[in-house]
Amino acid sequence: MAIIDVNNLTKTYYTYRRGSSFTDTIKSFFHRERVNVNAVQNVSFQVDEGQITGILGPNGAGKSTTIKMLTGTLYPTSGHISVMGYTPFRDRNTYVNHIGAVFGQKSQLVWDIPPIDSFHMNKAIYAIPEKEFKNTLKELTELFELEDIIEKPTRVLSLGERMKCEFVMAMLHRPKIVFLDEPTIGLDVIAKQKIRSFIKEMNRQGVTFILTTHDLEDVEQLARKVIIINHGQKVFDDTLQRLKMNLGAKKIIRLILAEPLAEIELEGIKVIEKNSDYEYTLEVNIENNSINAIIRRLSEMCEFSDISIKELPMEKIITEIYESKGLKE
């Protein structure tokens, strides 16, 4: 069942064109040419309850504008948004009690006081009952191993510790939907994995997540559905598996040869990187050939001491989607 329903969503900003010369500046006092900037253009999609959905796109694509309209902080120029039956910008006072948000570049914590005091502030804002607050706080701090952290001033915490506290802050009132904007930006590998494990656990408990990120590993590990926006337009809306299959059934094979080979030429195999006569990275199309048949043909052509087979990198898949639509970052 769809918990988010977006139809023909459009957001247009207005600015004015002014030349750089002195004459143009004087003219602008009397007449300015208005320019329409379509940040989001006729975007439609649905998100099912309990789903983790990734919204991807380059900088300036319209991702953040879409998220702001979904959270109710911006109103659309046209189109319709329904989230849990609410129209976000119109029903904002009631709607915000059911959503949470974590923004990697904007903190909800008060800098000079410990996170526990910020948590109590949210308790008052959302009128969370004392018993529920204590139980939720205990559960979340144990999941993140924050028991000894939340008493320290926010300003002395590491980035990873602060981001964990941001998630606690967003989840205290038990929202049904959480919007995540670059939640793992700048974090080390261990902190990222902790955040991802937390998101998975909350999702198992029924929380729906909308994730915007440039870290494609976040998407691969978390999202089941992917929406790609570029230049304000939706260019892809389907499952992660369909995204990976968008360019056909392809694999990346890395070969370390036992004997040097000047070149590899086989039908259905493309050399994408050659570090030396001993080391090749190949892109193979397995749509009409099984991976076993390709390995057999390679072994007949050359002897290798090591081989690894991987999925096509997400970066390449998404770049190809932009280019195939005539839209380049």
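Structure notes:
- With respect to the chain, whose longest principal axis is taken over its alpha-carbon atoms, helix 291-301 is tilted by about 40°.
- Once you reduce segment 161-213 and segment 117-142 to the center of their Cα atoms, the two points are 17 Å from each other.
- Mean shadow area of segment 166-303 over all directions, Cα convex hull, nm²: 12.0
- Shape analysis of segment 266-326 based on the Cα gyration tensor places the equivalent ellipsoid semi-axes at 24, 15, 10 Å, largest first.
- For the chain, the longest site-free run once chymotrypsin sites (Phe, Trp or Tyr not before Pro) in DSSP loop states with at most 10 other Cβ atoms within 10 Å are removed: 112-329
- Plainly put, segment 59-120 has a radius of gyration that is 1.06 times its Kirkwood radius, both from alpha-carbon atoms, as the Rg/Rh ratio.
- Dipole magnitude (debye, nearest 20) for segment 1-129, charges at Cβ of Lys, Arg, Asp, Glu: 600
- Across segment 216-251, the residues whose backbone nitrogen lies under 16 Å from the label position 7 Å along the beta-carbon direction of Glu315 are 216-220.
- Taking only protein heavy atoms and a 1.4 Å probe, the accessible area of segment 1-128 is 49% carbon and sulfur.
- Each of Glu49 and Lys131 was given a label point 7 Å from its Cα along the Cα-to-Cβ line. The distance between the two points is 2.5 nm.
- With eigenvalues of the C-alpha gyration tensor scaled by 5 and rooted, segment 25-79, Å: 33, 12, 10
- With protein chains left intact and a 1.4 Å probe, residues in the chain average 53 Å² of accessible area per residue.
- Cα convex hull, segment 1-145: 198 Å³ per residue, rounded to a whole number.
- DSSP bridge pairs, the chain: antiparallel proportion in percent, nearest 5: 70
- Within a Gaussian network of the chain (alpha carbon springs, distance under 10 Å), most fluctuating of Leu282, Leu312, Leu137: Leu282
- Dipole magnitude of segment 132-246, debye to nearest 20 (Cβ charges: Lys/Arg +1, Asp/Glu -1, about Cα centre): 380
- Global geometry of the chain, whether rounded, prolate or oblate, following the gyration tensor of its Cα atoms and the 1.5 cut on a/c: oblate
- Fluctuation leader among Thr212, Thr53, Thr65 - the chain, Gaussian network, Cα springs under 10 angstrom: Thr65
- When the Gaussian network model of the chain links Cα atoms closer than 10 Å, the mean-square fluctuations of Leu240, Leu74, Leu255 top out at Leu255.
- Solution diffusion estimate, µm²/s, Stokes-Einstein, segment 217-258, Kirkwood Rh from C-alpha pairs, 4 °C, viscosity 1.567 mPa s: 104
- Estimated dipole of the chain in Debye, rounded to 20 [Cβ of Lys and Arg +1, of Asp and Glu -1, Cα centre]: 1620
- Cα point-scatterer Debye curve for segment 3-55, base-10 log of I(q)/I(0) at q = 0.27 Å⁻¹: -1.00
- Here's the picture: charge each Lys and Arg Cβ at +1 and each Asp and Glu Cβ at -1 in the chain, and of Tyr14, Leu257, Ser299 the one pushed furthest to the positive end of that dipole is Tyr14.
- Helix axis angle, 159-171 relative to the chain longest principal axis, alpha carbon, degrees: 60
The values are calculated or read from the model by the stated rules, or taken from the named source; none is laboratory data. Keep in mind the model is a prediction, meaning the values are calculated, not measured. Neighbour counts run over all protein chains shown; Cβ positions are idealised from the backbone, glycine included. All accessible areas refer to the heavy atoms of the entire protein, side chains included, with ligands and DNA or RNA removed. Shrake-Rupley method; radii C 1.70, N 1.55, O 1.52, S 1.80 Å.
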